[in-house]
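The next block holds one structure in the form of structure tokens; read it before the comments.
The values are calculated or read from the model by the stated rules, or taken from the named source; none is laboratory data. Everything numeric in this text was worked out from a predicted model, so none of it was measured. All Cβ positions, glycine included, derive from the backbone under ideal geometry; neighbour counts span all protein chains shown. These accessible areas exclude ligands, DNA and RNA; they are computed on the full protein's heavy atoms, side chains included. Shrake-Rupley method; radii C 1.70, N 1.55, O 1.52, S 1.80 Å.
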Amino acid sequence: NPCRKTKTVCTIGPSCNTLDLIWKLAEAGMNVASLNMSHGDRESHQRIIDLVKEYNAQSKDNVIAIMLDTKVCLLLEDFTRSLELISPGAL
């Protein structure tokens with residue numbers, strides 16, 4: 001139902017990285033495939049993204065969104081380090 005406002009978010013990991021399981025989750029109501037970037041590597045995340053894209057290309061009635069759960073603490077550390085490099089008068 002395209003008018004549905006509630007979304008079902010599924011965190012996809014190594015045990016769900018087959019097209020068959022992505023289809024089963026989608027048919028069960030998954031709207032968003034979430035990938036936790038703190039776990040796994042680039043190749044495993046890319047595989048899941050490719051599987052979801054393949055599902056989206058084949059499905060006529062349903063589109064699954066992809067959400068990346070990033071490592072916020074690392075992003076904040078990088079941001080803080082960047083601010084330290086800027087001289088106080090520059091802002």
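Can you find a residue in the range 22-29 that is touching a residue at least 40 places away in the same chain (Cβ under 8 Å) and open to solvent by less than 30 Å² (accessible area, probe 1.4 Å)? The answer is yes, given that some residue of the range 22-29 is touching a residue at least 40 places away in the same chain (Cβ under 8 Å) and open to solvent by less than 30 Å² (accessible area, probe 1.4 Å). Here residue 7 meets the list (1) open to solvent by less than 80 Å² (accessible area, probe 1.4 Å); (2) closer than 14 Å to residue 63 by Cβ almost entirely, failing just condition (1).
Could you please give the count of residues in the range 20-53 that are hydrophobic (A, V, I, L, M, F, W, C) and in a helix (DSSP H, G or I)?
9
Residue 15 falls short on exactly one of the conditions (1) at pLDDT below 90; (2) not in a helix (DSSP H, G or I), and that condition is (2).
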